[in-house]
Amino acid sequence: MTAKLTRIDEREVLRYLGAAKAPDPELKERITRLSEELIAVTVPRLVWRRLPLTADNDYLLAGEDIRGILKDCSEMVIFAATLGMEAERYLHRAQVRDMAQAVILDACADSAIENVCDHFCTDLAALVQPSFLTDRYSPGYGDLPLSHQKVIFDVLDVTRRIGVTLTDSGLMLPQKSVTAIIGISDKPQRHRRGSCMGCSMYSDCIYRKEGRTCDKH
């Protein structure tokens, strides 16, 4: 499977910006223009592995939450996805030129990496049929620590294969990157639309900081 970026959802961008659902025409025009420019320069990348849920792979599951998600699963998939350095450099140039524009572009990039992850999950669901997938679950959510990024990086050889590096604090560079775990089960799984579990905005989510969720849930 290859990484795909096909669209940036204006509604998601507005949520990330904390903007009104009926934005002014100028903001809508800027989101459309910046989304098109970002898609044009982005070269998304992806790496993944399908593994059995066995005692040998138990070290991949840190915390009780992820074990609960995978309780009915016999296999799991771990993956890493990124918008790549091309998008990262474009974001940095915007920060130098115009910070107001850079804020909008950053929200566009958050929606973009979600689109890449959603495409992967859709392709994976087709690949594993007639089995079923759980929601994706990322380090930093629940009791799966952000430090668990290192384990995923080592198993997938992320830096060599798709060029994403990991800081000592567990943050990824390029910043618009995601790692996650997905379970594969022979039973249908409950899904939450737009789950927080794999959202790239989880750590900075303005809704979560206010004790609520965005209307994707």
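Mind grabbing the accessible area of Ser147 for me, 1.4 Å probe, Å², rounded to tens?
Ignoring ligands and nucleic acids, Ser147 comes out at about 80 Å².
So if I place +1 on the C-beta of Lys and Arg and -1 on the C-beta of Asp and Glu, and nothing else carries charge, what would the dipole magnitude of the stretch 12-139 be about its Cα centre? I want it in debye, nearest 20.
In debye, rounded to 20, the stretch 12-139 gives about 180.
Can you give the accessible area per residue of the stretch 2-66, in Å², using a 1.4 Å probe?
Result: 58 Å² per residue.
Between Arg97 and Asp154, what FRET efficiency follows from the Cβ-Cβ distance if R0 is 30 Å, with the result rounded to 0.05?
Taking R0 as 30 Å, the efficiency between Arg97 and Asp154 is 0.20.
Sorted by accessible area with a 1.4 angstrom probe, largest first, how do His92, His148 fall?
His92, His148
With r defined as the distance between the Cβ atoms of Asp24 and Lys187 and R0 fixed at 35 Å, what FRET efficiency is calculated, to the nearest 0.05?
Computed FRET efficiency for Asp24 and Lys187: 0.15.
Which value, in debye to the nearest 20, gives the size of the charge dipole of the chain about its Cα centre, when Lys and Arg are +1 and Asp and Glu are -1 at the Cβ?
It comes to approximately 180 debye.
Give me the percent of accessible area attributable to carbon and sulfur for the stretch 1-145, probe 1.4 angstrom.
53
Output the relative contact order of the stretch 1-150, whole-number percent, from Cα pairs under 8 angstrom with separation of 6+ residues.
It rounds to 36 percent for the stretch 1-150.
Given the protein chains as shown and a 1.4 Å probe, how many square angstrom of Phe132 are accessible, to the nearest 10?
80
For the charge dipole of the chain, defined by +1 on Lys and Arg C-beta atoms and -1 on Asp and Glu C-beta atoms about the Cα centroid, which residue among Thr6, Phe79, Ile152 has the Cα displaced farthest towards the positive pole?
Thr6
Just how many pairs of Lys in the chain have C-alpha atoms closer than 19 Å, counting pairs that are eight or more places apart or on different chains?
Close lysine pairs found across the chain: 4.
The values are calculated or read from the model by the stated rules, or taken from the named source; none is laboratory data. Remember, predicted model here, so these are calculated numbers, not experimental data. Cβ coordinates were reconstructed from backbone atoms using ideal geometry, including for glycine residues, and neighbour counts include every protein chain displayed. Ligands, DNA and RNA are excluded from the accessible area calculation, which covers all protein heavy atoms including side chains. Shrake-Rupley method; radii C 1.70, N 1.55, O 1.52, S 1.80 Å.
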